[in-house]
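Structure in structure tokens, see below.
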């Protein structure tokens, strides 16, 4: 975590490291410009990026730059600790409007299903 503006939270492998390690990578990325809560608080800078294994949907890394990133990364840390898949995050209810809802949209975007873009 980096406490700066915008905040940065990161866990796991980057896209480059995952490819380096031989994973067939699928990426989902969602900008805070498309998040309702980010609009409410007036902080649109940044995104959430989910790095996953294409074959099994394993979450390999999550990288957040934006509002409350140092808080939001906790969901990704928990998901990875529990060996959750991208699909697990897709089926997890996220309240609306919240910044955490961007994690849902980033997960959905791995499969091209983000609805708030």
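Order these by the 10 Å Cβ neighbour count, fewest first: 17, 49.
Starting with the residue having the fewest Cβ neighbours, the order is 17, 49.
Now for a different question. Taking neighbour Cβ counts within 10 Å as the exposure measure, how do 39, 109, 10, 52 sort from fewest upward?
Ascending number of Cβ neighbours within 10 Å: 39, 10, 109, 52.
Using the eigenvalues of the Cα gyration tensor, what equivalent ellipsoid semi-axes result for the stretch 74-117 when each is taken as the square root of five times the eigenvalue, whole Å, largest first?
Sorted largest first and rounded, they come to 17, 13, 8 Å.
Please give the contour-minus-distance gain from residue 2 to residue 96: 0.36 nm per residue of separation, less the Cα-Cα distance, rounded to one decimal in nm.
31.2 nm
Moving on. What's the angle, to the nearest 10 degrees (0 to 90), between helix 101-110's Cα axis and the longest principal axis of the chain?
40
Reported to two decimal places, what Rg/Rh ratio describes the stretch 53-103 when computed on Cα atoms with Rh from the Kirkwood expression?
Radius of gyration relative to Kirkwood radius: 0.96.
Please report the projected area of the stretch 30-84's Cα convex hull averaged over all directions, in nm².
Mean shadow area of the hull around the Cα atoms is 3.8 nm².
Which semi-axes, in whole Å and largest first, does the equivalent ellipsoid of the stretch 1-114 have when worked out from the alpha carbon gyration tensor as the square roots of 5 times its eigenvalues?
22, 15, 12
Give the relative contact order (percent, whole number) for the chain; include only Cα pairs under 8 Å separated by 6+ residues.
Relative contact order, the chain: 31 percent.
Where a number appears in this text, it was derived from the coordinates with a stated rule and is not lab data. Fair warning: this is a prediction, and the values are worked out from it, not measured in the lab. Quick reminder, even Gly has a Cβ in these numbers, built from the backbone with ideal geometry, and neighbours come from all protein chains shown.
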